[in-house]
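The structure appears right after this line, and notes come after that.
What follows is calculated from the coordinates using simple rules that are stated; it is not laboratory data. Fair warning: this is a prediction, and the values are worked out from it, not measured in the lab. Counting neighbours? That spans all protein chains shown, and the Cβs are built from the backbone with ideal geometry, glycine included.
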Amino acid sequence: MLLHVPQVLTAAELQRVRAALSRGEWVDGRVTAGSQSAQTKNNQQLPDDCASAVQARALVLEALGRCALFFTAALPRTIYPPLFNRYGGSANAFGNHVDNAVRTVAATGSRVRTDVSATLFLSAPEEYAGGELVIEDTFGTKSVKLPAGDLILYPSSSVHRVEAVTRGTRLASFFWIQSMVREAERRRLLFDMDMAILALRTDFGEIAPAVSLTACYHNLLRMWAEA
Ligand code: NI
């Protein structure tokens with residue numbers, strides 16, 4: 001499932017994240033690439049333990065924590081600590097690749113299975129040319145370029161790339177989610193059901209069928225979730 005989650009960051013948070021990133025010391029993005037993707041990766045990243053990244057990451061995680069749409073779509077069990085990248089100048093693209101299936105969190109040594117990939121756009125579309133996130137999956141090929149503060153969720157199993165940035169600078173946060181529900185089809189079903197229940201409750205209030213369907217939702221989640 002490809003899902004656009006609008007306005008994850010408030011304008012004030014976006015400003016604070018960008019201020020933190022502007023103080024960062026950017027390095028070659030290949031530091032976190034696998035051997036295959038290192039050959040096509042040409043961007044910059046913030047070292048994950050630098051003060052700028054720590055500060056910006058805390059803001060992103062706080063924002064994600066209150067975002068109901070993110071939660072219901074990803075059903076996160078573990079969120080890999082968000083990283084930050086920059087495309088522009090001569091370090092401006094990331095060719096077709098698939099994200100590693102399992103990533104180790106450097107600080108703790110714990111492993112995260114990458115079920116869902118996320119890109120949080122931190123630059124406004126008019127600040128740069130190119131830089132689309134292009135995702136190939138069973139739904140076909142989608143080209144994504146979102147307002148600053150918006151998030152795209154996409155299957156970690158998909159082949160994807162970032163097109164060359166030919167003008168300006170593209171800043172983003174990227175991370176992965178190990179979901180409580182491993183199977184994409186089950187997550188999709190739960191998401192659709194949750195959205196339908198929400199619409200039902202909005203239109204008709206807490207009527208008995210809404211309560212029954214909510215029970216079904218939670219009982220499916222109980223059946224499928226690894227908490
Ligand atoms: Ni990737």
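Between THR78 and ARG167, how high is the FRET efficiency from 1/(1 + (r/R0)^6) when r is the Cβ-Cβ distance and R₀ = 45 Å? Nearest 0.05.
On the way: r = 37 Å, r/R0 = 0.82.
It comes out at approximately 0.75.
For segment 113-204, GluC sites (Glu not before Pro) meeting the loop criterion (DSSP other than H, G, I, E, B) and having at most 12 other Cβ atoms within 10 Å: GLU183. Between the helical axis of 184-204 and the longest alpha-carbon principal axis of the chain there is an angle of about 60 degrees. Taking the charge dipole of segment 3-179 about its Cα centre, with +1 at Lys and Arg Cβ atoms and -1 at Asp and Glu Cβ atoms, the residue from ALA106, GLY34, ALA172 reaching farthest to the positive side is ALA106.
Each Lys or Arg adds one and each Asp or Glu subtracts one; over the other residues with Cβ under 9 Å from the Cβ of VAL134, this totals -1.
On full extension of the chain, what length is gained from VAL102 through ALA208, given 0.36 nm per residue of separation minus the C-alpha to C-alpha distance? Numbers along the way, then the final one.
Working: separation 106, 0.36 × 106 = 38.16 nm, distance 4.26 nm.
Full-extension gain reported as 33.9 nm.
Compute the distance from the alpha-carbon center of segment 93-148 to that of segment 20-75, in whole Å. Value for the Cα centre distance between the two parts: 10 Å.
Under a point-charge model restricted to the Cβ atoms of Lys and Arg (+1) and Asp and Glu (-1), what is the dipole moment magnitude of the chain relative to its Cα centre, in debye to the nearest 20?
360 debye
All C-alpha to C-alpha distances of segment 1-71, sorted into 10 Å bins beginning at zero, yield P(r) values of 18, 36, 37, 9 percent in whole numbers. Between ARG201, ARG187, ARG111, the GNM of the chain built on Cα springs shorter than 10 angstrom shows ARG201 fluctuating the most.
Please report, in cubic angstrom per residue, the volume enclosed by the convex hull of the alpha-carbon atoms of the chain. The partial results should precede the final answer.
Numbers: hull volume 28.6 nm³, N = 227.
Value for the chain: 126 Å³ per residue.
Per residue of the chain, the DSSP helices (runs of n ≥ 4 H) give a summed -39500 (n - 2.57) that works out to -10500 deg cm²/dmol at 222 nm.
About the Cα centre of segment 1-127, how large is the charge dipole given +1 on each Lys and Arg Cβ and -1 on each Asp and Glu Cβ? Please answer in debye to the nearest 20. Intermediate values should be presented prior to the final figure.
Values: 12 positive and 10 negative charges, 50 e Å.
It comes to approximately 240 debye.
Rg ratio for segment 184-224: its Cα radius of gyration over 2.2 N^0.38 Å, N being its residue count, equals 1.15. For ASP192 and THR10, a Förster radius of 35 Å and the Cβ-Cβ distance give a FRET efficiency of 0.80, rounded to the nearest 0.05.
Charged side chains reduced to their Cβ positions (Lys and Arg at +1, Asp and Glu at -1) give segment 184-224 a dipole of some 200 debye around its Cα centre.
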